[in-house]
1. Considering only residues of the stretch B:159-192 that are of a type in the set (Asp, Glu) and either within 14 Å of the chain's Cα centre (by Cα) or at pLDDT 95 or above (or both), which is nearest to ligand 1 (Cβ to nearest atom)?
2. Given the conditions (1) at pLDDT below 95; (2) buried (at least 23 other Cβ atoms within 10 Å of the Cβ), and given that B:Leu259 satisfies all but one, which numbered condition is not satisfied?
3. Sort out which residues of the stretch A:188-210 are among the charged types (D, E, K, R), facing chain B (nearest Cβ under 9 Å) and touching a helix residue (DSSP H, G or I) at 6+ places or on another chain (Cβ under 7 Å), and write them in order of number.
4. How many residues are assigned to a loop (DSSP other than H, G, I, E, B) and of a type in the set (Gly, Ala, Ser) if we restrict to the stretch B:238-258?
5. Restricting the first residue to the stretch B:38-58 and requiring it to be more than 14 Å from chain A (Cβ to nearest Cβ) and free of Cβ contacts under 8 Å to residues at least 40 places away in the same chain, which pairs with a second residue that is assigned to a loop (DSSP other than H, G, I, E, B) and away from ligand 1 (no atom under 16 Å from the Cβ) meet a Cβ separation below 6 Å and a spacing of at least six or different chains?
6. Picking from B:Gly34, B:Gly44, B:Gly116, which residue would you name as being out of contact with any helix residue (DSSP H, G or I) (no Cβ under 7 Å at 6 or more places or on another chain) and within 16 Å of ligand 2 (Cβ to nearest atom)?
7. Looking only at the stretch B:178-224, count how many residues are more than 9 Å from every other protein chain (Cβ to nearest Cβ), of a type in the set (Gly, Ala, Ser) and more than 17 Å from B:Ile157 (Cβ to Cβ).
8. Is there a residue being basic (Lys, Arg) and more than 20 Å from B:Glu174 (Cβ to Cβ) anywhere in the stretch B:50-58?
Amino acid sequence: MMMQPNPAGRPAPVPGEAPLLSVDNLCVSIRVDDRSVNIVDGVSFSIRRGERVALVGESGSGKSVTARALMRLERRMKATGSIVCDGRDILKLSDGEMRRVRGGTIGMVFQDPMSFLDPLRTIGDQIAETLRIRGVSRRDAERKALHILDELKVERAAERLTAYPHEFSGGMRQRVVLAMALIGDPRLLIADEPTTALDVRVQDQVLALLDEISRSRGLSVLFITHDLGIVAGFADRVMVMYAGSVVEDGDVYSTFAAPRHPYTRGLLDAVPRIDRDSDRLASIRGTPPHVFARPQGCPFHPRCDRAFERCVIERPVLRELGGMRVACHRPEPEAAR
Amino acid sequence: MKLFTLDSVCKSFAAKTGNPTRVLNDVSFDVATGETLGLVGESGSGKSTIAKCMLKLLRPDSGSVVFDGIDVPNARGAELSRFRREVQLVFQDPYGSLNPRMTAGELIAEGLLVHGLEPNGAARRRQAQHLMGLVGLDPDNIDRYPNSFSGGQRQRIAIARALACRPRLLVCDEPVAALDVSVQAQVINLLQDMRAEFDLTVVFIAHDLAVVRHLCQRIIVLHRGEIVEQGSREEIFGNPRMPYTQSLLAAVPIPDPVLAQRRRTAVQEA
Ligand SMILES: Nc1ncnc2c1ncn2[C@@H]1O[C@H](COP(=O)(O)OP(=O)(O)O)[C@@H](O)[C@H]1O
Ligand SMILES: Nc1ncnc2c1ncn2[C@@H]1O[C@H](COP(=O)(O)OP(=O)(O)O)[C@@H](O)[C@H]1O
Ligand SMILES: [Mg+2]
Ligand SMILES: [Mg+2]
């Protein structure tokens, strides 16, 4: 496997160390009429301690449902398979135990902070509440809230604690939500498109903060995005999702240099670049399938230039290939070395 | 040749309390015939307000807006009708901007009817089908309604609709912002093809600087309702002069881990 120093120059994997998170054959389904439809369709992956993994894919591929299933937030869906985080089997925990995992072992931030914040309560109150639920005294909780806003480089933090969400800009609100996710000192942070609604300069600041904090705390991050630029700058590893499955999983250097799945190659080629001129973008024909109309065989075959008979009939499984994992019957050639 | 000119345009909106807020402050620029001009800026910088002033959807408080000799805010009668035909708009939102009760064919051919360009219904239908083929839609779907099309397909309908009257200027306000990358690439390619096919002048509004670099020959950078810098693609992306432009460009992620790392190291050393 070609291991290059990862973007943040963080420690190399410890051989034999158990991963922080192991997901095995996760299926998340909904009932439609009398049928059960898998939105997430047999996803397996793991995340090491301190590792930052990006989950990418076009809208509707199942990224958010996967993330929410890890926290058992999809109450109307059925999840099967196993999710083991920090030694505990998430799908077997009681609701009470699960409440302690949320914000304890696993913290989460979403794209839209306003859906998460109570407009009628001060942000100090809301940040501290995460700890108060765990029996931390009001004074200690408030002290920690102040401390975490400092860590997130919120200026005049003490004053800000008494303000209400609407008094904050988009970037500031995202920091508040981040504070709520981090104050319980989680081992894993799940960030679902946390910067998508922000302007680039604010996005850049929030990403720099996340970079610093995850490094200093040894925090694992599952970062969901559709922006391959963010992946390249932030993640150690990238998983590409298509129609409910992970189709490719590799370290960012190898994947960006030589993606093995035709879908990953297509996505990378379709992105316009800020750092060079281009005449024409490559595009992937067609559109991603709807959940209720996912094709047989390889779900990507109707859009794939490399597809042959087998792709129409047999769904490829995710298998090891040159240090990466790829679900394809006819992968792109390996990088010339 | 100048096709469109904005000169010292100012626009304010009434605020809930206190003085009206100034949204455009002394904005002046030209659009030359045949060029693709990019208008970039963060959200709230006034991009859509400029588009609305250009399309006579908003009246500037002061300053002039002139399209090919037509005084836009005051245009009436035959001049207004020529303006409405020759300047077309494509919006960001492929969901909100198309009337859900009209079929794809009716939407695309509406301009031909409104402007009296094609009074014959069967001929209009043929033209709509031809346009659908041009923008990569299946002409057999002419009688379907917008909500049965995907986001990318709806944007193709919007483009076909804008092209039906053979406009000279197309104003695109964030036309690909709501689309996934693979579909975004299809729509960008379509815009490039249509630009050549119809000899269009294009004003392309976006917050995504990489898309603007790809499509536009000249770029205007907007910040808080003012133009901070304008120049050719080479000038803006190769050698931006204003600190604001530089900070904007530096914040755009590069989809290459090696270059991203190099840039981070450079920032840390600086
Ligand atoms: N509560 C739900 N009921 C039915 N379908 C859903 C529900 N939530 C998500 N879906 C569908 O599941 C698919 C995957 O959704 P999601 O995980 O949100 O995609 P992504 O985050 O990758 O854009 C989508 O097609 C979406 O419409
Ligand atoms: N009709 C309106 N009434 C009041 N304020 C408005 C109106 N339209 C836009 N604004 C304000 O004007 C500013 C510029 O908006 P806009 O032109 O839409 O920016 P952009 O398209 O660059 O995001 C924003 O602060 C916005 O809130
Ligand atoms: Mg999502
Ligand atoms: Mg706008």
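The values are calculated or read from the model by the stated rules, or taken from the named source; none is laboratory data. The shown structure was predicted, so the numbers you read here are calculated from the model rather than taken from an experiment. Note that each Cβ is placed from the backbone with ideal geometry, even for glycine, and that neighbours are counted across all protein chains shown.
1. Step one: list which residues in the stretch B:159-192 are of a type in the set (Asp, Glu), which gives B:173-174, B:180.
Narrowing further to those that are either within 14 Å of the chain's Cα centre (by Cα) or at pLDDT 95 or above (or both): B:173-174.
Working: B:Asp173: 24, B:Glu174: 20 Å.
Step by step, filter the stretch B:159-192, then rank; the result is B:Glu174.
2. Among (1) at pLDDT below 95; (2) buried (at least 23 other Cβ atoms within 10 Å of the Cβ), B:Leu259 violates only (2).
3. So in the stretch A:188-210, the residues among the charged types (D, E, K, R) come out as A:192-193, A:199, A:201, A:204.
Subset that is facing chain B (nearest Cβ under 9 Å): A:199, A:201, A:204.
Scanning the stretch A:188-210 gives A:Arg201, A:Asp204.
4. 0
5. The qualifying pairs are B:Lys52/B:Leu58.
6. B:Gly44
7. Residues in the stretch B:178-224 being more than 9 Å from every other protein chain (Cβ to nearest Cβ), of a type in the set (Gly, Ala, Ser) and more than 17 Å from B:Ile157 (Cβ to Cβ): 2 in total.
8. Looking for residues that are basic (Lys, Arg) and more than 20 Å from B:Glu174 (Cβ to Cβ), one finds none in the stretch B:50-58, hence no.
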